[in-house]
1. Which numbered condition trips up T235, out of (1) at pLDDT 95 or above; (2) loosely packed, with under 14 Cβ neighbours inside 10 Å; (3) on the phi > 0 side of the Ramachandran plot; (4) not hydrophobic (A, V, I, L, M, F, W, C)?
2. Where in segment 11-98 are there helices (runs of 4 or more DSSP H), lying wholly inside it, with at least 1 residues that are closer than 22 Å to G173 by Cβ, modelled with pLDDT under 90 and within 10 Å of ligand 1 (Cβ to nearest atom)?
3. Can you tell me how many residues in segment 241-274 are assigned to a strand (DSSP E or B) and either under 18 Å from I27 (Cβ atoms) or of a type in the set (K, R) (or both)?
4. Hey, D199 hits all of (1) part of a loop (DSSP other than H, G, I, E, B); (2) surrounded by 22 or more Cβ atoms within 10 Å (Cβ to Cβ) but one; which does it fall short on?
5. Looking at M442, M411, which one is touching a Lys or Arg at 6+ places or on another chain (Cβ under 6 Å) and in contact (Cβ under 8 Å) with a residue 40 or more places away in the chain?
6. All but one of (1) more than 27 Å from A473 (Cβ to Cβ); (2) at pLDDT 90 or above; (3) touching a helix residue (DSSP H, G or I) at 6+ places or on another chain (Cβ under 6 Å) hold for L363; state the number of the condition that does not hold.
7. Could you tell me which numbered condition T332 fails, if it satisfies all but one of (1) of a type in the set (S, T, N, Q); (2) farther than 30 Å from P586 by Cβ; (3) surrounded by fewer than 20 Cβ atoms within 10 Å (Cβ to Cβ)?
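The values are calculated or read from the model by the stated rules, or taken from the named source; none is laboratory data. Note that this is a predicted model, so its numbers are computed, not measured. Every residue, glycine among them, receives a Cβ derived from its backbone with ideal geometry; neighbour counts consider all protein chains shown.
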Amino acid sequence: TPLDRIRNFSIIAHIDHGKSTLADRLIQVTGAVTAREMKEQLLDNMEIERERGITIKAQTVRLNYQAKDGQVYTLNLMDTPGHVDFAYEVSRSLAACEGSLLVVDASQGVEAQTLANVYQALDANHEIVPVLNKVDLPAAEPERVKQQIEDVIGLDASDAVEISAKTGLNIEGVLEAIVTRLPAPKGDPAGTTKALLVDSWYDAYLGVVVLVRVKDGHLRKGQKIRMMSNGAVHTIEQVGVFTPKMAAVESLGPGEMGYVTAAIKTVADTNVGDTITDDRRPAEEPLPGFKPSIPVVWCGLYPVDADDFEKLRESLGKLRLNDSSFHYEAETSAALGFGYRCGFLGLLHLEIVQERLSREFDLDLIATAPSVVYKLTKTNGEKIDLHNPADMPDGSLVEEIEEPWIKATIMVPDDYLGAVLTLCNERRGQQVELTYVGSRAMAVYRLPLNEVVFDFYDRLKSVSRGYASFDYAMDGYEPGDLVKISILVNNEPVDALSFMAHRSAAERRGRQICEKLKELIPRQLFRIPIQAAIGGRVIARETISALSKDVTAKCYGGDITRKRKLLEKQKEGKKRMRQFGKVEIPQSAFIAALKMD
Ligand code: GDP
Ligand code: MG
């Protein structure tokens, strides 16, 4: 296809504003799939995406559109995830396109992630076409929302396209805007081959599939390609496009998007953002790539049933094949047994992985409290990244602890602003900016990430009755007065329950856990102290009193069959019991304690 008849575009929006519905409609209107094949949200092909109605992996599809000017255009659409945890996937979709459709729900207006996505698109030098969706709703106020887009984002919205993705109203208008208002890609067909590696995943039939955007030159079957980041050479087996089904083509040229297979063993051998070039005539300079994704939230995942450990290992391996942003390494815990320390892009990512493990792999799991990555400087000068509070060295050996901060943008109706500001202040937030857009406030805060992983979303939702929207970006590390709180049962530390907190919150949170454990741990023949401690200093304490003599006497004096039954029961429960000093405590108590929030 000649370059001037190609358009590559992303759809960006706040979650639920209708990206995926619009993508479906574009596919349907251009006839890429027959009515029978058409399923709602065709691109969201993971089961969880479908159920939760969110898009996790960026997806792409090639459409052919005969425009009003009589020409047939090739439109490459990239659907993007709208959720804050997946900003990284958004950035790589954007790097593969020249323009964006900015979808805004005309009944809701601009939200936190609308802004975040627009800023990313502007950073990627995109031309942006505003699209007002859901104009079929009685509550839609397109004129007000246009004004808001101009005021808040500073984007000309006078010729925003008004549509209903649901009813199909004015989808033609969107297609014409893509053709007439978005720029065609540039590239040199005769130049040395340069293609951006946008994404990769594992396909049961084809092996590793690599999603590419060709900038210069061509990719074709049999060609020897070289990955510029590590010099690895592969021979192309197949090139193709998504229609949205995978369809092989002769070659991919400048401006085109598609896939390549090349007998690549694992997804780990492909680096997103890498430049693919021709091995015989390699490019000198790689394309500007983008930063690799780094897990910011870590937690331990343990099988509830110890016999499931092997299954957990295999399942994590399979998940990782299609999600290179997720990390895991083996770890053991005295309280929970064998498990894995896992790293995620954010809390939603964590939740999704956990849910996929339980649903697709039928695993019953327990997760320890999420923790952020702290940077420690020891008194001997050594620097370490702390992923697990249990690995925290003795306080006297630590010179300084730095914690990650974020810059959060919260949009909320005026009525709930007070409650939101109180919440941010309680979480050690620093206000950066507070502005109004009509009756909505936009608060920009700096917050320690540590305070956000601890039930911040839930609290934000509840204090704003669900009306607040939230987005964040990492904003560097800063030293903080942080301490490790250990929880001791019968004077033995329970590794899985230890956590890091700011000194000002340590006592309150330590007490909460002690009180909870007191309820959960069954009484024994002797008293069991439960303590929260910073180093050697106890900051909260509860005691489980001993069973009274009468009860034990009855228990052991009973008839023989009852005694035997009791013994058998104990044996059954054996593998779920954990030893703490002289006492055995059912694992279920720790599991319940971890489910606390
Ligand atoms: P995404 O999160 O941006 O991908 O949003 P979806 O496409 O999943 O849409 C979110 C919800 O809004 C779904 O329930 C859609 O059916 C609904 N929706 C999408 N477009 C429209 C529209 O034009 N009108 C109405 N009334 N609902 C819509
Ligand atoms: Mg979606």
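1. (3)
2. In segment 11-98, 19-29 are the helices (runs of 4 or more DSSP H) which contain 1 or more residues that are closer than 22 Å to G173 by Cβ, modelled with pLDDT under 90 and within 10 Å of ligand 1 (Cβ to nearest atom).
3. Qualifying residue count for the region: 7.
4. (1)
5. M411
6. (2)
7. Just one mismatch for T332, condition (2).
Rundown of residues vs (1) surrounded by fewer than 20 Cβ atoms within 10 Å (Cβ to Cβ); (2) within 18 Å of the chain's Cα centre (by Cα), yes/no style:
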residue: D278; (1), (2): yes, no
residue: E285; (1), (2): yes, no
residue: E314; (1), (2): yes, no
residue: K318; (1), (2): yes, yes
residue: L321; (1), (2): yes, yes
residue: H327; (1), (2): yes, yes
residue: G337; (1), (2): yes, no
residue: L350; (1), (2): no, yes
